[in-house]
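For reference, the structure discussed in these notes is given below.
Read-outs throughout are calculated quantities, based only on the coordinates presented, and are distinct from any laboratory measurement. Remember, predicted model here, so these are calculated numbers, not experimental data. Cβ coordinates were reconstructed from backbone atoms using ideal geometry, including for glycine residues, and neighbour counts include every protein chain displayed.
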Amino acid sequence: MAANNRRMSGKKGAQVGSGGQRRRGLEGKGPTPPAEMRKGHVKQRAANAKSRRAAQGRPQPKGRGGKSSSELVVGRNPVVEALREGVPASTLYVQQFIDNDERVREALQFAAERGGINLMEAPRPELDRMTNGLNHQGLVLQVPPYEYAHPEDLANAAYDEGQDPLIVALDGVTDPRNLGAVVRSVTAFGGHGVVVPERRAAGMTAGAWKTSAGTAARTPVARATNLTRALEAYKKAGIVVVGLAADGEVEVDQLEALEGPVVIVVGSEGKGLSRLVGETCDFRVRIPMPGGAESLNAGVAAGVVLYEAARRRA
């Protein structure tokens, strides 16, 4: 009897059944829903955000080129010239108890006539601190950050106007005055904007604004994180990329591509186009120079090619 008890003691008691739950669990839940319908998925959040924007009647942003940092124009002559040339400004700082000479009166008059510029009186130590000890002569002008466009915006704006894009890209141009000159030429010949790299390149400083002679207010400047990738994106969109090079295979007056959508790439005066940018170009063109000059600065070179493009499109 004891042996029988030992045998029985190893047996399990009555088990509770699953009631068919396991069998139903094996049947599956049907096909996996798309990412846009999965709760918490990044694509669902993006789709919801897009729906909200559509409901509010606002277009989806394309990703801006970002803003530059604010800038200070220091000194009586530079401040007056910046105000006269229409450089954007947010605040004019004037030193307390400053000698009210002709330049100070001009600065105050220009600021008042333009409107929208705050006038702030500050003690000399405060201006010294703001300018890191520069010789400000009692006048400091604050230039707000420039809001750069995205490279795609330039082409889209042209197509919206029913025109073929005419864009200039700068490769390795570090002088803001050259950037301003290019902006002025783009405006003069009906172009749609300028693209600059984010690094190691001139930006829209007060100097660039002054050289543009006010045209920077009408012609956008876009900033590209990587210029080569931006040019490749233009090519995928059907825009021809033309690089200027002293040893180019085609002379500029023979390039029929200027009649259609085109990006003109201008390199630095000393080094020209960088290797990767040069390899990305569909054409490398040269400007004939019978006078024997080795090169032209970026502003002049861009103006020559823009004129040829405008002549062909007329």
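Things worth noting here:
- For region 130-260, a crude dipole built from +1 on the beta carbon of Lys and Arg and -1 on the beta carbon of Asp and Glu, taken about the Cα centre, is about 760 debye to the nearest 20.
- Charge dipole (region 123-268, unit charges on Cβ, about Cα centre) - positive-most of Val265, Ala237, Ala201: Ala201
- The label point for Glu152 and the one for Arg218, both projected 7 Å from the Cα toward the Cβ, are 2.8 nm apart.
- Shape category assigned to region 196-314 from the gyration tensor of Cα positions, a/c cut at 1.5: rounded
- Spin-label model distance (nm) - Glu279 vs Arg129, 7 Å beyond Cα toward Cβ: 5.2
- Cα centroid separation, region 139-209 to region 237-304 (Å): 18
- Length released on extending from Met289 to Asn77, taking residue separation times 0.36 nm less the Cα-Cα span: 72.5 nm
- Around Lys235: net Lys/Arg minus Asp/Glu count, Cβ-Cβ under 15 Å: -2
- When peptides 77-86, 305-314 are ranked by their average number of other Cβ atoms within 10 Å per residue, the highest-first order is 77-86, 305-314.
- Normalised by the number of residues in region 163-314, the mean separation of alpha-carbon contacts (under 8 Å, six or more apart) gives a relative contact order of 30 percent.
- Unit charges at the beta carbon, dipole of region 89-158: most positive-side option, Pro151, Gln95, Ala112: Gln95
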